[in-house]
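*Asks:* Here's a structure for you.
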Amino acid sequence: MANGENQNPNPNPIEATPGAAARTITLKTADGEIFEVEEAVAMEFGTVKSFFEDDAVSATKPMPLPNVSGSALSRVITYCRRSLEIRSMIPPATSEDATAAEAVQGEGDLEAEKAAKQERKEFEAEFLKDESNEDVKELILAANYLNIKELLDFLCRSVALRIQNKSVEYARKFFGIEGDYTPEEEAQIRQEYAWAFEGVDED
Amino acid sequence: MGQSTSTAANSSRREINHSHRSKSKSTALISPMQPPEDNDDYEIIDGGDPDYISELPDECLACIFQSLNSGERKRCSLVCHRWLRIEGQSRHRLSLNAKSELYKDIDSLFSRFDSVTKLALKCDRRSSSICDDGLVLISDKCRNLTRLKLRACRDLTDAGMEAFAKNCKGLKKLSCGSCTFGAKGMNAVLENCSSLEELSVKRLRGITDGAAAEPIGPGAAASSLKTICLKELYNGQCFGPLITGAKNLKTLKLYRCSGDWDKLLQSVTEHVTSLIEIHLERLQVSDVGLLAISNCSDLEILHLVKTPECTNIGLLSLSERCKHLRKLHIDGWKANRIGDDGLIAVSKNCGNLQELVLIGVNPTKQSLESLATNCKNLERLALCGSDTVGDPEISCIAAKCIALKKLCIKSCPVSNQGLEALANGCPSLVKVKLKKCRAVTMEGAEWLKNNRESLAVNLDNGETEQQDASASDGAQENGGGGGGGGVAEFPPPPAVPSQMAAAAVAAASNNMAGSTSRSSSMKWRLGLLSGRSLACTLRRWSSANSNARG
């Protein structure tokens, strides 16, 4: 399958190329599930992208993803698809020169960006609403393996939110970790860390 | 546990290259995992009670920690040894209390935090700071430092700075305040750190001692420097060669530095014409200096704060040559040297003006009209402490400023009637802020809100003590940095150069603590009034005149 074909910076996965169905890539998960994914969405996965870019790989065989389960992949695909949609709400910069594009960025563009931001906020809040910690962790592993930076950042931020402003013991319980410090070790670390300011340091 | 995945998935999920990853140091944010060629490298982690987060590879944990602040990261490092290691390795920014006792912990601290690129060493005025040896040791361990911030590290000398600079040649930003080293140390930094982009210096004692301080600059950093910020220097002129030699300089900020700067600005602008942003505050500079600055035809941002020797004439000549001016802040200190004439010239020459802040300046309808008509992109306007801005002037603004999005009026004789004009004027208006306008009441504000629902109306007449440092003010206090952008929500009210100010400053600090007020009035006597305290100053002064302590 040709990899360089889809150069559109804001691919709309729903849009079909004239006269042909949208190209799909087949993925096979660890638990044997087969997923046919629009090429644009699949190319969001860094792993998939480099797999197809490396050599002329036949498109007929499904690409194996031994580290990802079906349920995780399904969630990931949902995220990437939605994310692409939201990104296509913002008109791409037409000029090569970023600063020039910025300068002429009209009211319309700014409005579109705002709307896109809002959509993304709502979507992301909804996405993880019912996920247990175990689910979130599974998604992180999947996103890391598949090399999807945006999803990974989002997931890690969400985990951070779940543990921020909580005590050490809370963090341990939350993730089921046994603390392995001796009291002396802990005291030493606390003392060492006493030198570090806790506040946000402005630049 | 509500697992929807099959058991096959469970065990395959655990076949993750766990231990392989934990050996590598994750200094970058996330090192993307390569797609596995085959599964032989993987270790199978036995089942048993799932230790959820330990299954996450190091780089994912580092990514999680990235969203946490310093205190939270500290708690994470106390969770277990693995978290300690990862947290330490993914720490890029560290701020340390740089007392002399820190020295003994430097070794272990920086073994743990081995990826620090942005470091702040802050000491307080009462303690002795780390010495040269400490700084050298730190620099030895943090060879990749890109930013260093020093505060009140009074025990660092030129020798220490030189040794540091030789270790951290990749330094991009240096900000030092209340340090005591001198020109030699500064020159050593400039010689060694050839990628230096930002230099911010406040109160450097070492350059004031001695009759003739060594000149500073330009050094190897001449072409890389983009921002220079000098504050409260007695002998700031010795930085002359540096500024003059920084041929790619974009931003120059000079605050409360003694001496006459006209001549230096002349020689600077003969060689450096790339300046885009200039801040001059409490500086001895006149129209001669303004004319010199006008050599920089790309100038976009200009702040003239309390420079009463700059007059309409200087502003006019500047506007004629700096036609790309986008943001203009003038604090005229009620000296009335800058007024309608200068502003009209700006309006006619600088059609791109987007942001205008006038404090202690008295524009009339004449200039306001001209600005409104000629500056079609004027989006943000702030008028503060103007005796001449009343209801008719607001009506004028409302009628003519088509592009205006944000309006801020403070301490002006505007009344509720003026608000009426805003209900229908300024078609692009999104936000209006009114502060300390005695004749504007809650009713007026409510009325406006009801009659123009899309408009955010903010009224503040209160005596509530708020640390009101405006955006631009805050940027000033933070030295260096790109600054200058953003709206000045509340420009500081005009200073009152009299004993009242001294008394007011003394009473200025929030908790009115004895020692604070003493140091505040001491500051004033040295003529180094900080912008931030001014906001509180005038508030106190106007409300508690007789209560002010001396």
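*Asks:* For residue B:377, which of the numbered conditions (1) in contact with a strand residue (DSSP E or B) (Cβ under 9 Å, 6 or more places away or on another chain); (2) in a loop (DSSP other than H, G, I, E, B) fails to hold?
*Replies:* Here residue B:377 meets the rest and fails (1).
*Asks:* Can I ask one more? Has the range B:294-307 got any residue that is open to solvent by 60 Å² or more (accessible area, probe 1.4 Å), under 28 Å from residue B:223 (Cα atoms) and among the β-branched types (Val, Ile, Thr)?
*Replies:* No, every residue in the range B:294-307 fails to be open to solvent by 60 Å² or more (accessible area, probe 1.4 Å), under 28 Å from residue B:223 (Cα atoms) and among the β-branched types (Val, Ile, Thr).
*Asks:* Looking only at the range B:78-120, filter to residues that are away from chain A (no Cβ under 11 Å) and over 18 Å from residue B:147 (Cα atoms); which one of those is surrounded by the fewest Cβ atoms within 10 Å (Cβ to Cβ)?
*Replies:* Taking the range B:78-120 as the starting set, the residues that turn out to be away from chain A (no Cβ under 11 Å) are B:85-86, B:89-90, B:92, B:100, B:114-115, B:117.
Cutting the leftovers down to over 18 Å from residue B:147 (Cα atoms) gives us B:85-86, B:100.
On the way: B:85: 17, B:86: 25, B:100: 15.
Applying the filter and picking the extreme gives B:100.
*Asks:* Out of B:432, B:457, B:414, B:389, report the one residue that is crowded, with 16+ Cβ neighbours inside 10 Å and farther than 25 Å from residue B:346 by Cα. Show your work before the answer.
*Replies:* Numbers: B:432 fails: farther than 25 Å from residue B:346 by Cα; B:414 fails: farther than 25 Å from residue B:346 by Cα; B:389 fails: farther than 25 Å from residue B:346 by Cα.
After ruling out the rest, the residue left standing is B:457.
*Asks:* Of the conditions (1) at pLDDT 95 or above; (2) not in a loop (DSSP other than H, G, I, E, B), residue B:225 satisfies every one except a single condition; which number is it?
*Replies:* Of (1) at pLDDT 95 or above; (2) not in a loop (DSSP other than H, G, I, E, B), only one is false for residue B:225: (2).
*Asks:* Which numbered condition in (1) open to solvent by 50 Å² or more (accessible area, probe 1.4 Å); (2) at pLDDT below 90; (3) under 26 Å from residue B:349 (Cβ atoms); (4) of a type in the set (S, T, N, Q) is the only one that residue B:377 fails?
*Replies:* In the conditions (1) open to solvent by 50 Å² or more (accessible area, probe 1.4 Å); (2) at pLDDT below 90; (3) under 26 Å from residue B:349 (Cβ atoms); (4) of a type in the set (S, T, N, Q), residue B:377 misses (2) alone.
*Asks:* Here is a follow-up. Hey, among B:291, B:264, which residue is open to solvent by 50 Å² or more (accessible area, probe 1.4 Å) and part of a helix (DSSP H, G or I)? Please lay out each step first, then the result.
*Replies:* Values: B:264 fails: open to solvent by 50 Å² or more (accessible area, probe 1.4 Å).
The match here is B:291.
*Asks:* Is it the case that residue B:172 is away from chain A (no Cβ under 11 Å), open to solvent by 10 Å² or more (accessible area, probe 1.4 Å), more than 20 Å from residue A:186 (Cα to Cα) and free of Cβ contacts under 8 Å to residues at least 60 places away in the same chain?
*Replies:* Criteria met by residue B:172.
*Asks:* Please specify each residue of the range A:169-178 satisfying the condition of being crowded, with 16+ Cβ neighbours inside 10 Å, out of contact with any Gly (no Cβ under 8 Å at 6 or more places or on another chain) and within 7 Å of chain B (Cβ to nearest Cβ). Even if it seems obvious, please write down each step before you answer.
*Replies:* Of the range A:169-178, the ones crowded, with 16+ Cβ neighbours inside 10 Å are A:171-172, A:174-175, A:177.
Still in the running and out of contact with any Gly (no Cβ under 8 Å at 6 or more places or on another chain): A:171, A:174-175, A:177.
Matches in the range A:169-178: A:171, A:175, A:177.
*Asks:* Under the condition of being more than 7 Å from every other protein chain (Cβ to nearest Cβ) and under 14 Å from residue A:124 (Cα atoms), which residue from the range A:134-152 is modelled with the lowest pLDDT?
*Replies:* Ranking the candidates gives A:136 first.
*Asks:* Just to be sure, is residue B:157 over 25 Å from residue B:66 (Cβ atoms) and of a type in the set (Ser, Thr, Tyr)? Walk me through how you get there before you give the answer.
*Replies:* Details: over 25 Å from residue B:66 (Cβ atoms): yes; of a type in the set (Ser, Thr, Tyr): yes.
Here the answer is yes, as residue B:157 does meet what is asked.
*Asks:* Further question: Checking residue B:235 against (1) surrounded by fewer than 23 Cβ atoms within 10 Å (Cβ to Cβ); (2) at pLDDT 90 or above, only one condition comes out false. Which one?
*Replies:* The failed condition is (2).
*Asks:* Moving on to the next point. Got a number for residues in the range B:191-222 being assigned to a loop (DSSP other than H, G, I, E, B) and surrounded by fewer than 23 Cβ atoms within 10 Å (Cβ to Cβ)?
*Replies:* Step one: list which residues in the range B:191-222 are assigned to a loop (DSSP other than H, G, I, E, B), which gives B:193-197, B:208-218, B:222.
Filter again for surrounded by fewer than 23 Cβ atoms within 10 Å (Cβ to Cβ), leaving B:194-195, B:197, B:208-215, B:218, B:222.
So the count comes out to 13.
*Asks:* Another question, if that's okay. Could you please let me know if residue B:252 is in a strand (DSSP E or B) and either over 28 Å from residue B:325 (Cβ atoms) or aliphatic (A, V, I, L, M) (or both)?
*Replies:* Numbers: in a strand (DSSP E or B): yes; either over 28 Å from residue B:325 (Cβ atoms) or aliphatic (A, V, I, L, M) (or both): yes.
So residue B:252 fits the description; yes.
*Asks:* Which one of the conditions (1) at pLDDT 90 or above; (2) assigned to a loop (DSSP other than H, G, I, E, B) does residue B:464 fail to meet, given that it meets all the rest?
*Replies:* (1)
*Asks:* Could you tell me which numbered condition residue A:157 fails, if it satisfies all but one of (1) modelled with pLDDT of 85 or more; (2) over 30 Å from residue A:91 (Cα atoms); (3) surrounded by fewer than 19 Cβ atoms within 10 Å (Cβ to Cβ)?
*Replies:* All conditions pass for residue A:157, except number (2).
*Asks:* Here's something else I'd like to know. Quick one: residue A:166 ticks every box in (1) in a helix (DSSP H, G or I); (2) facing chain B (nearest Cβ under 9 Å); (3) basic (Lys, Arg) except a single one, so which number is it?
*Replies:* In the conditions (1) in a helix (DSSP H, G or I); (2) facing chain B (nearest Cβ under 9 Å); (3) basic (Lys, Arg), residue A:166 misses (1) alone.
*Asks:* A further question on this structure: Quickly run through the range B:123-162 and pick out the residues that are of a type outside the set (A, V, I, L, M, F, W, C) and open to solvent by less than 50 Å² (accessible area, probe 1.4 Å).
*Replies:* Our first condition is that a residue be of a type outside the set (A, V, I, L, M, F, W, C); within the range B:123-162, this holds for B:124-129, B:132-134, B:139-141, B:143-144, B:146-147, B:149, B:151, B:154-155, B:157-158, B:160, B:162.
Those that are of a type outside the set (A, V, I, L, M, F, W, C) and open to solvent by less than 50 Å² (accessible area, probe 1.4 Å): B:127, B:129, B:132, B:134, B:139, B:146, B:149, B:158, B:160.
*Asks:* Exactly one of (1) surrounded by fewer than 24 Cβ atoms within 10 Å (Cβ to Cβ); (2) in a helix (DSSP H, G or I) is unmet by residue B:343. Its number?
*Replies:* For residue B:343, the failing item is (1).
*Asks:* Here is a follow-up. Considering only residues that are in a helix (DSSP H, G or I) and open to solvent by less than 10 Å² (accessible area, probe 1.4 Å), which ones fall in the range B:397-411? Even if it seems obvious, please write down each step before you answer.
*Replies:* From the range B:397-411, those in a helix (DSSP H, G or I) are B:397-400; that's our starting set.
Hits for the range B:397-411 are B:397, B:398.
*Asks:* Of everything in the range B:112-142, what is closer than 26 Å to residue A:188 by Cβ, assigned to a loop (DSSP other than H, G, I, E, B) and free of Cβ contacts under 8 Å to residues at least 60 places away in the same chain? Give them in sequence order.
*Replies:* Here is the first cut: in the range B:112-142, the residues closer than 26 Å to residue A:188 by Cβ are B:112-124, B:127-131, B:133-142.
Now drop any that are not assigned to a loop (DSSP other than H, G, I, E, B), which leaves B:113-117, B:123-124, B:127-128, B:130-131, B:142.
Answer for the range B:112-142, where residues must be closer than 26 Å to residue A:188 by Cβ, assigned to a loop (DSSP other than H, G, I, E, B) and free of Cβ contacts under 8 Å to residues at least 60 places away in the same chain: B:113, B:116, B:117, B:123, B:124, B:127, B:128, B:130, B:131, B:142.
*Asks:* Next up: Within the range B:55-77, restricting attention to residues that are hydroxyl-bearing (Ser, Thr, Tyr) and assigned to a helix (DSSP H, G or I), which residue is nearest to the other protein chains (Cβ to nearest Cβ)? Reasoning before the result, please.
*Replies:* In the first step, residues of the range B:55-77 are kept if they are hydroxyl-bearing (Ser, Thr, Tyr); the result is B:67, B:70, B:77.
Now restrict to residues that are assigned to a helix (DSSP H, G or I): B:70, B:77.
Values: B:70: 5, B:77: 7 Å.
Result: B:70.
*Asks:* If you don't mind, another one. Tell me, which residue of the range A:182-193 that is surrounded by 12 or more Cβ atoms within 10 Å (Cβ to Cβ) and more than 7 Å from chain B (Cβ to nearest Cβ) is modelled with the highest pLDDT?
*Replies:* Here is the first cut: in the range A:182-193, the residues surrounded by 12 or more Cβ atoms within 10 Å (Cβ to Cβ) are A:185-186, A:188-190, A:192-193.
With the extra rule that they be more than 7 Å from chain B (Cβ to nearest Cβ), the set shrinks to A:185, A:188, A:190.
Details: A:185: 90, A:188: 86, A:190: 85.
Among those residues, the one meeting the criterion is A:185.
The values are calculated or read from the model by the stated rules, or taken from the named source; none is laboratory data. If you're wondering where the values come from, they're calculated on a predicted model, not measured in any experiment. In this analysis, Cβ positions are derived from the backbone assuming ideal geometry, glycine residues included, and neighbour counts consider all displayed protein chains. Heavy atoms of the whole protein, side chains included, go into the accessibility calculation; ligands, DNA and RNA do not. Shrake-Rupley method; radii C 1.70, N 1.55, O 1.52, S 1.80 Å.
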